[in-house]
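The values are calculated or read from the model by the stated rules, or taken from the named source; none is laboratory data. These numbers come from a predicted model, not from an experiment. In this analysis, Cβ positions are derived from the backbone assuming ideal geometry, glycine residues included, and neighbour counts consider all displayed protein chains.
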Amino acid sequence: MEPTLMWVLIAVVLIGAIVWITMSRLRSRRLRERFGSEYDRTIRSEGNTRKAEATLEARAKRVAKLQIRPLASADAERFDGSWRAVQGRFVDDPRGAVTEADRLVGELMAARGYPVGDFEQRVADISVDHPDVVMNYRAAREIAQQHAQGKATTEDLRQAMVHYRALFRDLLETVDEAVHDDTHRHIPAGRH
């Protein structure tokens, strides 16, 4: 092989490697920005970065195919009223309030278009558009399971309500009914 051709091939391989490394870093940065702490949790769960990033990208593709929609204002008001009633119930019946909060979050997810089957799949789906509060859902659900086993204290139940509230408020998005522009997927409502 001619020395000039060999140097050209080496240069092409080096340029290819640099492009691949750059694209890989951009992909990682984009996923880290989109998923926040869920990115790191998924890496720990999967055992390596490449597998975790493939998992996160698969989640995003799955959710993009779903019909996730904001709520109409009337539905958002109804859910908000239901949430206030659940919170008010906590003082007299903390266990019942946590059970009701879990049910209400599931109902809100269904109304928004999230599938409500398997818990882990729900968490994965929520992590795509709500990565900052998905950890709250996991924590609240864990406490709710401890409650079902009779192992949760009133303080644990209070903490579950705090977690559910953060998730609930983030999921409570409405469509601005004066705007019928499909270019905006979600228009967040004012948080309470």
- Note on the structure: Requiring at least 3 residues that are polar (S, T, N, Q), the helices (runs of 4 or more DSSP H) wholly within segment 1-92 are 3-35, 37-46, 73-89
- Query: So which residues in segment 32-82 are in contact with a His (Cβ under 9 Å, 6 or more places away or on another chain) and of a type outside the set (Asp, Glu)?
  - Reply: Ile68, Arg69, Pro70
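Residues of segment 37-54 being out of contact with any helix residue (DSSP H, G or I) (no Cβ under 6 Å at 6 or more places or on another chain) and at pLDDT 90 or above, which ones?
The first filter runs over segment 37-54 and keeps only residues out of contact with any helix residue (DSSP H, G or I) (no Cβ under 6 Å at 6 or more places or on another chain), leaving 37, 40-41, 44-45, 47-48, 50-51, 54.
Answer for segment 37-54, where residues must be out of contact with any helix residue (DSSP H, G or I) (no Cβ under 6 Å at 6 or more places or on another chain) and at pLDDT 90 or above: Asp40, Arg41, Arg44, Ser45, Gly47, Asn48, Arg50, Lys51, Ala54.
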- Query: For Glu33, are the conditions met, namely being closer than 30 Å to Pro131 by Cα, without any contact (Cβ under 8 Å) to a residue 12 or more places away in the chain, of a type outside the set (Val, Ile, Thr) and in contact with a helix residue (DSSP H, G or I) (Cβ under 8 Å, 6 or more places away or on another chain)?
  - Reply: no
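To keep it simple, each residue is scored yes or no on (1) among the β-branched types (Val, Ile, Thr); (2) closer than 28 Å to Gln159 by Cα.
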{"site": "Arg50", "(1), (2)": "no, no"}
{"site": "Ala54", "(1), (2)": "no, no"}
{"site": "Val63", "(1), (2)": "yes, no"}
{"site": "Gln67", "(1), (2)": "no, no"}
{"site": "Arg84", "(1), (2)": "no, yes"}
{"site": "Gly88", "(1), (2)": "no, yes"}
- Failed item in (1) more than 30 Å from Asp156 (Cα to Cα); (2) over 22 Å from the mean Cα position of the chain (by Cα), with Arg95 passing the rest: (1)
- Message: Show the residue pairs meeting these rules: Cβ distance below 9 Å; 6+ apart or different chains; first residue within segment 48-68 and of a type in the set (S, T, N, Q); second residue outside any helix (DSSP H, G or I).
- Response: Gln67/Gly113
- Just checking, which of Ala178, Ala160, Ala85, Ala110 is in contact with a helix residue (DSSP H, G or I) (Cβ under 7 Å, 6 or more places away or on another chain) and either aliphatic (A, V, I, L, M) or modelled with pLDDT under 90 (or both)? Ala160
